[in-house]
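Read the figures in this text as sums done on the coordinates, not as results from a lab. Predicted, not measured: the structure shown is a model, and the values here were computed from it. Methodologically, a virtual Cβ is constructed for each residue, glycine included, from the backbone with ideal geometry; neighbour enumeration extends over all protein chains shown.
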Amino acid sequence: MKLIPTLLFVCLLFGCQKKSHSNQVNAVNKAKLYGKWSFVSVLKGSTLTTNATSCYADDWLEFRTDGKGTISQGAFIDNPAILSSQDFAWQYKDEADITFENTELNLLILNDSVLMFKNIFTATGPSSDEWHWKR
């Protein structure tokens, strides 16, 4: 009988230790994030814009291994006041959040073919836009 409480204590002690896999997750996520992504859609509030809209059809986003990236409007430019392509520096804040420039993103889906994130914060303040990209 005295053995049961002791075993229970040992199981709880070792079972409740927090395991940190953030370095492994970051390495896995970074490997999946690297490369060029094509725009699919963005949901801003209740407005959905897709790549069926010509000025978004050729937009792309690239994350490089050197911590730099590029976002491009492609040849079909929606806003001539914004440069067609803009370079940026990026980094992982943790295993699920990325920061670049004045923007913080929360990764919702990241695998070999889909990148989906939500803006948490932008230069103009809090945001909840959801962006979808594909390889």
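Obtain the nm distance between the two label points defined at D129 and D87 by a simple spin-label model: each point lies 7 Å from its Cα along the Cα-to-C-beta direction.
Distance between the two pseudo-spin positions: 2.3 nm.
So what's the convex hull volume per residue for the Cα atoms of the range 40-135, in Å³?
For the range 40-135, the hull spanned by Cα atoms encloses 108 Å³ per residue.
If you count, for each residue, the other Cβ atoms within 10 Å and average over each peptide, how do 106-112, 116-122 line up from highest to lowest?
Output ranking for 106-112, 116-122: 116-122, 106-112.
Please compute the modelled spin-label separation between T65 and T103, points set 7 Å along Cα→Cβ, answer in nm with one decimal.
Rounded to a tenth, the inter-label distance reads 2.4 nm.
Can you compute 3J(HN,Hα) from phi for each residue in the range 57-74, using the Karplus curve 6.51 cos²θ - 1.76 cosθ + 1.60 with θ = phi - 60°, rounded to whole Hz and x for Gly and Pro?
Along the range 57-74, the couplings run 4, 10, 5, 8, 9, 10, 10, 9, 5, 8, x, 10, x, 9, 10, 9, 7, x Hz.
Once label points are set 7 Å from the Cα along Cα→Cβ at both D78 and K36, what is their separation, rounded to one decimal in nm?
2.0 nm
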